[in-house]
Amino acid sequence: MDIMTGAGLLAGIIVISVMMLLGGDLHMFISEHAMIIIFGGSIAATMIRFPLGVMLHGLPLGAKYAFTMSRLSARDLVDELARIAEIARKQGPVGLEKVETDEPFLAKGIRYVADGYDLEFIRDNMERDRDNFLMHLDEGSKIYRAIGDCAPAFGMIGTLIGMVQMFANMTDPSKLGPFMATALLATLYGALVANLFCLPIADKLHGKLLDEETNRTLIIDGILMIRDSKSPALVREMLLAYLPEKHRHEEGEPVPA
């Protein structure tokens, strides 16, 4: 679970709710008309931008990875691959059949090596798997960013509609208040949807995409070296290049000058 995503959303909702309660009743901030223009308009515009299949796949995938963390960090993957290389060196590919890991992509690579697939097959298959996953994750990020871009614009459209309705009914003072409220709430909803939900989630997904690209490329290189019977020490040293300098050595381990 990615605690920061949930904590940030909860903190934002609490801050907005407290500010609303300090000024009166929450009911005054509810407008069905504003909800229709913001959510309906934003979704409609996003549907025009993306095919249906991309939306049906990207929205849930994006929501899932915005709230979850990778099972293993890049540093953990280096240690795990070095351990697997040690097993392969001592017991051969057959020994990998009993190796268990929490990372599905790594487990797939281990299975390929244990089953004796050739190097090019493993490389092509795993790189294709990585690229497809990253493409879908990028689609999710783009969809949330598209909704975040649309929401404030439709908030302004809702405001303009409310203003037109208000000015068209200047002779009836009883209608001025509701139309003005709808106009302002549309802008409020658009700003909240964009800046509290969609754009932060899009940025979070972009960061997750970069992390997943590094981790999966690291796994592919590690699996290929294990398939090529490289020594555990060489596997570790080669894969440590994927990590920032300060993360390449365990706590308490001397860092080379």
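The values are calculated or read from the model by the stated rules, or taken from the named source; none is laboratory data. Being a predicted model, the structure only gives us computed values, none of them experimental. Glycine gets a Cβ as well: all are built from the backbone with ideal geometry, and neighbour counts include every protein chain shown. Side chains included, ligands, DNA and RNA excluded: accessible areas come from the protein's heavy atoms. Shrake-Rupley method; radii C 1.70, N 1.55, O 1.52, S 1.80 Å.
Okay, here's what the table says:
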| item | result |
| --- | --- |
| Some residue of region 85-101 being open to solvent by less than 10 Å² (accessible area, probe 1.4 Å), under 21 Å from Pro51 (Cβ atoms) and at pLDDT below 95 | no |
| Selection from region 138-192 of residues that are charged (D, E, K, R) and in a helix (DSSP H, G or I) | Asp138, Glu139, Lys142, Arg145, Asp149, Lys175 |
| Long-range neighbours under 8 Å by Cβ, at least six apart or interchain, first residue without any contact (Cβ under 8 Å) to a residue 12 or more places away in the chain within region 164-190, second assigned to a loop (DSSP other than H, G, I, E, B) and open to solvent by less than 50 Å² (accessible area, probe 1.4 Å) | Lys175/Asn169; Leu176/Asn169 |
| Those residues of region 60-75 which are assigned to a helix (DSSP H, G or I) and open to solvent by less than 70 Å² (accessible area, probe 1.4 Å), in sequence order | Leu61, Gly62, Ala63, Tyr65, Ala66, Ala74, Arg75 |
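Rundown of residues vs (1) closer than 18 Å to Gly177 by Cα; (2) in a helix (DSSP H, G or I), yes/no style:
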{"site": "Ser17", "(1), (2)": "no, yes"}
{"site": "Gly24", "(1), (2)": "yes, no"}
{"site": "His27", "(1), (2)": "yes, yes"}
{"site": "Ala34", "(1), (2)": "yes, yes"}
{"site": "Gly41", "(1), (2)": "no, yes"}
{"site": "Met47", "(1), (2)": "no, yes"}
{"site": "Gly53", "(1), (2)": "no, yes"}
{"site": "Leu56", "(1), (2)": "no, yes"}
